[in-house]
Every structure is written in C-alpha cells, then in structure tokens.
Amino acid sequence: MEGVVKNSNLVVSAWDGDELIGIARSVTDFHYACYLSDLAVDQKYQTNGVGKKLLALTQEQLYEECKLILVAAPDANSYYEHLGFENNTRCWVLNRDRKIINQ
C-alpha cells in the first residue's frame, strides 16, 4: 500500500478523527487528464457523501480543462453516472498475464 500511495501524484483522503475512512488516488498532469486509480470509502461510511466529496476535492486540484478519467470496479459502475460522469467505450485494458502482441 505504501508504494501505491507514494507513487501517486494526487491523493485526497477523508478522516474521522484518526481513522482513515476514504481515499481517492490519481495520476495526473493537472492540465489534460487525471486518471483516478482508486476511490475507496470504508463500508460503514458509504452513502454519506464521502466518495462524492473525495471526487469533488480531486477535481478542484485540476485545471479547468482537465478531464477526470476512471475505470469503475464492476460493483461500482452505476455509482458514477448520477454524479455526471459519462460512460466511454474507448477504454482498453491489458491484464498483467497478457503480453503485447508483436507482429
């Protein structure tokens, strides 16, 4: 986990006292694209607006033209549409067990 956070260049977190309850972790150039790698909220704090606030705080760090891009976990796919995200069919994924085909 330390390497995951250390190598992200935009991390926004939510706390309840000393307890970490949510995190939004991104890689971005702040101008054109911000790739949100993870949005995680402790289950007992979900449905309280924590995730929405983390996304809003992330977006506030970006220049106005910068797109916020993410790949939703299967169980969270429907979460993003009601926040204003648009589904995009141009995402491609290469799993670690696959190699680039060299033809």
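The values are calculated or read from the model by the stated rules, or taken from the named source; none is laboratory data. Please read all numbers here as calculations on a predicted model, not as lab measurements. Positions of Cβ are backbone-derived with ideal geometry, glycine not excepted, and every protein chain shown enters the neighbour counts.
So residue 44 passes all but one of these: (1) basic (Lys, Arg); (2) closer than 23 Å to residue 91 by Cα; (3) modelled with pLDDT of 95 or more. Which condition number does it fail? The failed condition is (2). Assigned to a strand (DSSP E or B) and of a type in the set (Asp, Glu) - does that describe any residue in the range 30-40? So far as the range 30-40 goes, yes, one or more of its residues are assigned to a strand (DSSP E or B) and of a type in the set (Asp, Glu). Scanning the range 60-84 for residues that are polar (S, T, N, Q) and without any contact (Cβ under 8 Å) to a residue 12 or more places away in the chain turns up 77, 78.
Residues that are in a helix (DSSP H, G or I), in contact with a Leu (Cβ under 8 Å, 6 or more places away or on another chain) and surrounded by fewer than 19 Cβ atoms within 10 Å (Cβ to Cβ) within the range 41-62 comprise 52, 59, listed in sequence order.
Checking each residue in the range 76-103 for being in a helix (DSSP H, G or I), under 15 Å from the mean Cα position of the chain (by Cα) and not small (Gly, Ala, Ser) picks out 77, 79, 81, 83.
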